[in-house]
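Take a look at the structure set out below.
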Amino acid sequence: MSFLKNLNWRFATKAFNPKKKVSNEDLNKILESIHMSPSSFGLQAFHVHVITNQELLDQLKEHSWNQSQTSDCSHYLVFSARTDITSRIDQLIELASNSDPEKKEQLSQYEGMMRGFIEGKSEEWIQNWAAKQVYIALGFAMAACAELQIDSCPMEGITPDEYDRLLENPKHLKTTVTLAIGYREEEPAYPKRRFSDKDLFTTVE
């Protein structure tokens, strides 16, 4: 199947087969799609927990409107936004320069641009900006799942503060959205519905 046909095949799976698991090989491909997803300045201002621990999944389900896919899926991916952008910039410069002082100097203008971007921004603003990076990574993960014909369901119906507590997130990690992945228990009950191209797109020539 082509990529576009696979996108048509996918749907937000609500009922997963808990006995059917995603292979490590396929899981690593999905994680690599997140790893390679684009992000503002290349800062990758997010972190992903990959959870299979059933006790923890059952606890998270209690803070997810008791949605069954939380605990029945093969793997549960919890995406958190990072707010420690100043230190993240330091880390990126170290990575890009391989800790070489001369290369660091060559990157000084880029570093200054990043620092200028976040200067004076509130923690709330930074968290909202980082959340946008999370959703780019989420989209790439969902696309990779579709390409591999692995079912997925993105979920915002969660209590982020309780997730942060259960995951023991440090202060700079804020749970944003989750993605349940695995294999559907049954086919979708309804055909896929999308608004028309005319409704969604305007061509300006």
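When the chain is modelled as a GNM with alpha-carbon springs shorter than 10 Å, which of L138, L56, L179 fluctuates the most?
Ranking L138, L56, L179 by mean-square fluctuation puts L56 first.
Write down Rg/Rh for the range 1-88, rounded to two decimals, with Rg from the C-alpha atoms and Rh from the Kirkwood relation over Cα pairs.
On the way: Rg = 15.5 Å, Rh = 15.3 Å.
Across the range 1-88, the Cα-based Rg/Rh ratio is 1.01.
Which loop-located trypsin sites (Lys or Arg not before Pro) does the range 102-205 contain, where loop means any DSSP state but H, G, I, E or B and the Cβ has at most 14 other Cβ atoms within 10 Å?
Passing sites in the range 102-205 are K121, K171, K192, R193, R194.
Where in the chain lies the longest segment free of chymotrypsin sites (Phe, Trp or Tyr not before Pro) that are both loop residues by DSSP (not H, G, I, E, B) and have at most 11 other Cβ atoms within 10 Å?
66-194
By the scheme Lys and Arg +1, Asp and Glu -1, what is the net charge of all other residues having a beta-carbon under 12 Å from that of K103?
-4
Give the span of the range 39-101's Cα atoms along each principal axis, as three whole-Å numbers ordered largest to smallest.
The Cα atoms of the range 39-101 stretch 51, 18, 17 Å along their principal axes.
Quick check of the Kirkwood formula: for the chain, what is the inverse mean of 1/r over all pairs of different Cα atoms, in Å?
Hydrodynamic radius (Kirkwood, Cα pairs) of the chain is 18.8 Å.
Using helices alone, what [θ] at 222 nm do you get for the chain, with -39,500 (n - 2.57) per DSSP H run of 4 or more residues, divided over all residues and rounded to the nearest 500?
Only helices count here, giving -14000 deg cm²/dmol.
Each reported figure results from applying straightforward, stated rules to the coordinates on display, with no laboratory input. Quick caveat: nothing in here was measured; it's all calculated off a predicted structure. Glycine gets a Cβ as well: all are built from the backbone with ideal geometry, and neighbour counts include every protein chain shown.
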